[in-house]
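Q: Take this structure first; my questions come after.
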Amino acid sequence: MKRMHQNSLHEVVRSVFIMLLCTLLFISPLSAQKKKKKQVPAPQPQGIVLAENEVSRYSIVVPSAATESEKKSATVLQDYLLQISGAVLPVIEANRHRSPYEIVLGQNERLAQIGVSINLNELKEDGFAIRTDSMRLLIVGGNEKGTLYGVYTFLEKYLGCRMYSPTVKLIPKQKKIIIDKINEQQVPVIAFRDTHYRSTWDAEYIDWHKLDHDDKGGRPDWGMWVHTFNALVPPEIYYEEHPEYFAMVKGRRIPTQLCLTNPAVLDLTIQSLRQKIAQNPSAKYWSVSQNDNRDYCTCDQCKAIDDREGSPSGSIIQFVNQVADQFPDKMISTLAYEYGRHAPKTLRPRDNVNIMLCSIEAYRHLPITEDPHSADFVKDVEDWGKIAKDIIVWDYVIQFNNLISPFPNLHVLQPNLQFFAKHHVNAMFEQGNREVGGEFAALRGYLLAKLMWNPDENIDGLMNDFLAGYYGAASKPIRQYIDEMREALLASGKPLRIFGTPNEAADSYLTPAYIERYEQLFDEAEKLVADSTELLERVKIARQPLVFAILEQAKKTYYGEQGVFAKADGQWQARPKIRAMIDPFVDLCVREGVTQVKEWSTSPDEYRAAMYRMFSQGMNEHLAYGKKVTFISPLPEILKEGQDKMLTDGIRGSHDYDYNWLGFSGQNLEVVIDLEAVKKVKLIESAYYQYGFWLRLFPKKVEYFTSVDGVKFDLAATVENTLPIDQYGGQQRDFIGRFAPRDARYVKVIEHTIGNTPGWHPGAGRPAVMLVDEVVVE
């Protein structure tokens with residue numbers, strides 16, 4: 001019994017000891033008594049933990065001789081990781097102590113130390129590789145901004161950051177940043193990427209979205225950009241003494257373009273270009289290109305080359321090749337534009353000649369490869385792609401006549417870029433709005449930047465992501481608006497032109513019924529974000545093009561249900577809806593910073609003034625209203641249908657020369673209006689529109705005559721033009737003749753053209769166009 005008791009006591013003590021030991025060693029008593037088994041490690045989190053609870057074990061490692069771009073990459077990554085996680089990661093150089101917890105940036109000597117090999121030649125200037133290696137993250141880029149672009153891609157693709165516009169960012173907060181295995185490499189399809197939107201001119205936006213312009217819209221790689229003949233051989237210096245340096249057009253020399261077979265012109269061009277390169281030696285690209293007009297040289301020598309080559313590009317390429325031979329370390333760029341767009345038959349551009357090919361004539365309702373109207377341009381892209389080593393396409397992505405107008409072309413951006421890339425285009429200039437604003441300016445700039453980097457991106461995903469981030473809860477009706485307008489355009493079968501108007505779309509995607517539907521969608525969008533001042537303002541800005549279209553169509557229609565004026569109690573009055581639209585429209589343009597609503601002209605306040613001018617003029621049933629107009633000059637047969645009634649129909653022209661203006665060139669206007677009965681007349685006026693850059697110029701003077709019998713006319717008033725013709729913006733002027741009351745049944749108006757434009761004008765030597773509106777008789 002005693003031995004048994006002692007044994008039992010011994011067993012109890014032994015058991016207690018084992019339990020205590022197991023407790024200390026975190027081992028269960030049962031397992032301790034069993035046969036020892038292999039330990040299973042506790043599950044570990046997958047991936048690399050860069051930061052957790054505002055703490056990180058990681059350092060950002062830059063090369064010991066880092067470039068400025070690599071240093072910037074480190075600062076950017078450090079800043080955004082801090083914003084996302086609250087953790088501060090130190091930036092160190094590669095010659096410091098090595099650690100397994102590193103984010104290695106740039107062309108870094110650390111890569112060789114850890115046995116990682118990346119082919120830097122494949123990355124070229126802007127490409128990058130993002131990899132994980134053991135516990136390290138590697139972001140390695142090409143010689144210029146590749147590493148910086150890799151950092152921004154990492155932030156966007158793997159950490160969910162977004163930069164939709166310079167003022168709209170998404171930086172998601174994370175308590176714990178975990179990244180899984182990464183092994184990707186990106187090299188841009190388009191080597192030079194420039195989108196001409198003011199919203200993309202922000203310094204960080206440029207880097208984030210991998211663009212090649214600077215924060216003023218300039219191009220550091222380009223010493224001269226385009227239309228440079230006048231800058232290289234200035235007509236104001238040489239034309240008077242040496243007209244032979246300039247284009248032969250219809251038998252005479254005018255300073256529109258250069259004579260490209262004149263040896264002196266070649267010498268002057270090379271000399272001038274050499275001076276300019278000396279002032280900016282770092283620039284690689286230098287433009288030697290035609291001026292912005294169609295009056296090229298047709299002298300015997302130039303014509304012989306062009307005839308042989310089947311295109312005026314023949315004399316251009318022969319000339320530019322000779323210039324390029326003098327500057328073998330530079331790229332000499334020239335335009336394949338309008339008259340010079342077709343490739344030459346036998347001549348080949350030098351390897352250091354860049355071809356700037358312009359798509360100005362193409363329609364935008366279909367991808368260019370599907371549009372029969374664009375077949376010529378498609379062939380030109382293919383032909384130049386076979387013979388040129390360096391091609392930039394100057395593409396156009398908005399409606400230039402009306403910068404704020406609805407322009408449903410988003411669906412063609414991707415297929416067009418894919419086509420260009422397929423045919424060896426290595427540079428893109430996407431001309432949006434050089435002014436502030438424009439329809440979906442932020443969205444277009446965003447999509448274009450993404451697609452120029454990779455034309456095969458998922459554009460639907462990109463657009464939906466942008467709309468959700470930029471418009472919040474309003475994104476769904478805005479996407480519906482975009483989609484429904486596109487479908488309306490395609491269903492109509494009508495073209496979409498960059499020089500079109502909202503009125504041109506009145507029977508396609510901007511019919512009254514469609515506009516009513518679009519207004520419903522924006523009403524819904526505004527309600528969905530009514531509690532956010534910021535989002536509501538963005539939605540209202542997105543609605544501006546629709547408001548603009550309504551105003552423009554009202555001006556064209558002028559009176560009636562869709563017009564500016566309607567009759568109430570027998571009197572013509574401005575429709576309350578239209579009058580109520582103009583001030584909020586202009587005020588929002590001003591808040592947004594919009595500078596012009598048309599290319600080269602019409603500020604928002606000028607637009608408001610034009611509308612108020614129309615309100616004040618009203619629908620005036622004056623003495624000549626609806627009366628017959630007999631045309632002496634121009635001849636009636638050259639007028640289009642309905643134009644013989646334009647001068648007395650009561651409909652006034654406004655800020656746009658396409659609306660309600662009668663235009664003709666090269667001759668005076670002389671008309672007689674029959675008032676149908678003798679009236680007391682004391683005032684005759686007519687209105688004119690000037691848009692100097694496009695040859696639309698005021699008359700020299702206007703003379704008004706009256707007659708009782710239609711045979712003998714007496715001069716009643718002469719009004720001289722006192723405004724200059726060298727101001728290229730749009731201007732309107734009423735030429736008003738006042739005189740003592742007199743009897744008259746017939747009124748004659750003679751407007752005297754200035755004739756051909758002067759030598760200094762971009763359209764030198766071409767006949768001026770006169771635009772005339774309502775002849776008012778009181």
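Q: Could you please put 627, 555 in sequence from largest to smallest accessible area, using a 1.4 Å probe? Walk me through the numbers on the way to the answer.
A: On the way: 627 45, 555 0 Å².
Largest accessible area first, the list is 627, 555.
Q: Another question, then. Rounded, prolate or oblate, given the Cα gyration tensor of segment 575-700, with a/c below 1.5 counting as rounded? Before the final figure, lay out each step's value.
A: Numbers: a/c = 2.70, a/b = 1.56, b/c = 1.73.
It is oblate, given that a/c is not under 1.5 and a/b is not larger than b/c.
Q: Rounded to the nearest whole Å², what accessible area per residue is found for segment 150-294 with the 1.4 Å probe?
A: Values: 6480 Å² over 145 residues.
That works out to 45 Å² per residue.
Q: Expressed as a fraction of 2.2 N^0.38 Å, the rule-of-thumb size for a compact globular protein of N residues, what is the C-alpha radius of gyration of segment 223-276?
A: On the way: Rg = 10.9 Å, N = 54, 2.2 N^0.38 = 10.0 Å.
Taking the Cα Rg and dividing by 2.2 N^0.38 Å, one obtains 1.09.
Q: While we're on this one: In whole percent, and with a 1.4 Å probe on the protein chains, what portion of the accessible area of segment 489-618 is carbon and sulfur?
A: Looking at segment 489-618 in its full context, I get 51 percent from C and S.
Q: Let me ask something else about it. For segment 285-439, give the magnitude of the charge dipole about the Cα centre (Cβ charges: +1 Lys/Arg, -1 Asp/Glu; no others), in debye to the nearest 20. Please list the in-between numbers first.
A: Details: 14 positive and 22 negative charges, 66 e Å.
Magnitude of the dipole: close to 320 debye.
Q: About its Cα centre, how strong a charge dipole does segment 720-770 have in debye, to the nearest 20, once Lys and Arg get +1 and Asp and Glu get -1 at the Cβ? Walk me through the intermediate numbers first.
A: Numbers: 6 positive and 5 negative charges, 43 e Å.
Dipole of segment 720-770, to the nearest 20 debye: 200 debye.
Q: Would you be so kind as to identify which of 391, 357, 411 lies farthest towards the positive end of the dipole of segment 348-456, taking Lys and Arg as +1 and Asp and Glu as -1 on Cβ and the Cα centre as origin?
A: 391
Q: Let me ask something else about it. Cα-based Rg of segment 127-239 per 2.2 N^0.38 Å, rounded to two decimals?
A: Working: Rg = 19.4 Å, N = 113, 2.2 N^0.38 = 13.3 Å.
Its radius of gyration relative to the 2.2 N^0.38 Å reference: 1.46.
Q: Please give the direction-averaged projected area of the C-alpha convex hull for segment 279-394, in square nanometres with one decimal.
A: Working: hull surface 32.5 nm².
Convex hull of Cα atoms, orientation-averaged projection: 8.1 nm².
Q: Using only the alpha-carbon atoms of segment 656-778 as identical scatterers, what base-10 log of I(q)/I(0) does the Debye formula give at q = 0.15 Å⁻¹?
A: One equal scatterer on each Cα of segment 656-778 leads to -0.67.
Q: Right, something else. Looking only at Cα atoms, what is the convex hull volume of the chain per residue, in Å³?
A: Numbers: hull volume 173.8 nm³, N = 778.
Hull volume normalised by residue count: 223 Å³.
Q: While we're here: Lys and Arg at +1, Asp and Glu at -1: add these up for the other residues within a Cβ distance under 12 Å of residue 174 and post the number.
A: Working: positive: 173, 175, 176; negative: 52, 54.
Around residue 174, the charge tally is +1.
Q: To continue, here is another question. At 0.36 nm per residue, and after removing the present C-alpha to C-alpha distance, how many nm does the segment from residue 113 to residue 53 gain when stretched out fully? Write out the running numbers ahead of the final one.
A: Values: separation 60, 0.36 × 60 = 21.60 nm, distance 3.09 nm.
This chain segment gains 18.5 nm when fully extended.
Q: Do me a favour and compute the ellipsoid semi-axes for segment 713-768 from its Cα gyration tensor, root of five times each eigenvalue, largest one first, whole Å.
A: Details: eigenvalues 191, 36, 14 Å².
Ellipsoid half-lengths, sorted descending, are 31, 14, 8 Å.
Q: Next question, about the same structure. Rounded, prolate or oblate: which fits segment 74-203, taking a ≥ b ≥ c as square roots of the Cα gyration tensor eigenvalues, rounded meaning a/c under 1.5, else prolate when a/b beats b/c?
A: Numbers: a/c = 1.95, a/b = 1.19, b/c = 1.65.
It comes out oblate by the Cα gyration axes.
Q: Another question about this same structure. Divide by every residue of the chain the summed helix terms, -39500 (n - 2.57) for each DSSP H run of at least 4, and state the resulting mean residue ellipticity at 222 nm, rounded to the nearest 500 deg cm²/dmol.
A: Taken over the chain, the calculation gives -11000 deg cm²/dmol.
Q: Can you compute the FRET efficiency between residue 227 and residue 143 using 1/(1 + (r/R0)^6), with r the Cβ-Cβ distance and R0 = 30 Å? Round to the nearest 0.05.
A: Details: r = 32 Å, r/R0 = 1.06.
The formula returns an efficiency of 0.40 here.
Q: What span do the alpha-carbon atoms of segment 302-364 cover on each of the three principal axes, reported in whole Å from largest to smallest?
A: For segment 302-364, the Cα spread along each principal axis is 37, 30, 15 Å.
Q: Please report, to one decimal in angstroms, the Kirkwood hydrodynamic radius of segment 229-315 built from all distinct Cα-Cα pairs.
A: Details: mean 1/r = 0.0737 Å⁻¹.
By the Kirkwood definition, the hydrodynamic radius is 13.6 Å.
Q: Right, something else. Calculate, for residue 237 and residue 82, the FRET efficiency according to 1/(1 + (r/R0)^6) with r their C-beta to C-beta distance and R0 56 Å; round to the nearest 0.05.
A: Working: r = 58 Å, r/R0 = 1.03.
Taking R0 as 56 Å, the efficiency between residue 237 and residue 82 is 0.45.
Q: Remind me, what semi-axes does segment 389-536 give for its equivalent ellipsoid, largest first in whole Å, using sqrt of 5 times each Cα gyration tensor eigenvalue? Each step should come with its number before you reach the end.
A: On the way: eigenvalues 146, 77, 38 Å².
They are 27, 20, 14 Å, listed largest first.
Q: Quick check: pseudo-label points 7 Å beyond the Cα along Cα→Cβ at residue 370 and residue 571, how many nm apart are they?
A: Computed distance between label sites residue 370 and residue 571 equals 5.4 nm.
Q: Just how large is the dipole of the chain about the Cα centre, in debye to the nearest 20, putting +1 at every Lys and Arg Cβ and -1 at every Asp and Glu Cβ?
A: Numbers: 90 positive and 100 negative charges, 695 e Å.
Roughly 3340 debye for the chain.
Q: Measure out, as a whole number of angstrom, how far apart the alpha-carbon centroids of segment 724-757 and segment 304-366 sit.
A: 44 Å
Q: Setting aside same-chain residues fewer than 8 positions from residue 173, which lysines have a Cα under 18 Å from its Cα?
A: Here the lysines satisfying the reach criterion relative to residue 173 are 157.
Q: Could you pull out the pairs from 284/345; 555/577; 72/176; 679/748; 71/284; 169/598 whose alpha carbons sit more than 18 Å apart here? Working shown, then result.
A: Working: 284/345 28 Å; 555/577 13 Å; 72/176 25 Å; 679/748 14 Å; 71/284 25 Å; 169/598 30 Å.
Correct reply: 284/345; 72/176; 71/284; 169/598.
Q: Can I ask one more? Just to confirm, what accessible area per residue do you get for segment 500-628 at 1.4 Å probe, in whole Å²? Kindly include the intermediate steps, with their values, before the conclusion.
A: Values: 5820 Å² over 129 residues.
I get 45 Å² per residue for this part.
Q: Kindly work out what percent of the DSSP beta bridges joining two residues of segment 99-142 are antiparallel, to the nearest 5.
A: Working: 6 of 9 bridges.
Given both bridge residues lie in segment 99-142, the antiparallel proportion sits at roughly 65 percent.
Q: Please calculate how many Å² of accessible area segment 377-431 carries per residue, with a 1.4 Å probe and no DNA, RNA or ligand atoms counted. Spell out each step's value before the answer.
A: Details: 1420 Å² over 55 residues.
Per-residue accessible area for segment 377-431 comes out at 26 Å².
Q: Right, next: Would you list which aspartates and glutamates come within 14 Å of residue 303, measuring only between C-alpha atoms, while excluding same-chain residues fewer than 8 positions from it?
A: Partners within reach: 295.
Q: Looking only at the chain, where both bridge partners belong to it, what percent of the DSSP beta bridges are antiparallel (to the nearest 5)? Working shown, then result.
A: Values: 73 of 108 bridges.
Percent antiparallel among DSSP bridges in the chain is about 70.
Q: While we're looking at this one, here's another question. Taking a 1.4 Å probe, which of 238, 339, 446 shows the most accessible area, and what order do the others take after it? Before the final figure, lay out each step's value.
A: Working: 238 60, 339 35, 446 5 Å².
Output order, biggest surface exposure first: 238, 339, 446.
Q: Here is a further query. Given 463, 437, 332, which one lies farthest toward the positive end of the charge dipole of the chain, if we put +1 on the Cβ of every Lys and Arg and -1 on the Cβ of every Asp and Glu?
A: Final value for the positive-end residue is 463.
Q: When all protein chains stay in place, what accessible area (Å², nearest 10, 1.4 Å probe) is found for residue 134?
A: About 100 Å², rounded to the nearest 10.
The values are calculated or read from the model by the stated rules, or taken from the named source; none is laboratory data. Fair warning: this is a prediction, and the values are worked out from it, not measured in the lab. All Cβ positions, even for glycine, are placed from backbone atoms using ideal geometry, and neighbour counts span all protein chains on display. Ligands, DNA and RNA are stripped out before the accessible areas are found, and what is left, the full protein with its side chains, is counted by its heavy atoms. Shrake-Rupley method; radii C 1.70, N 1.55, O 1.52, S 1.80 Å.
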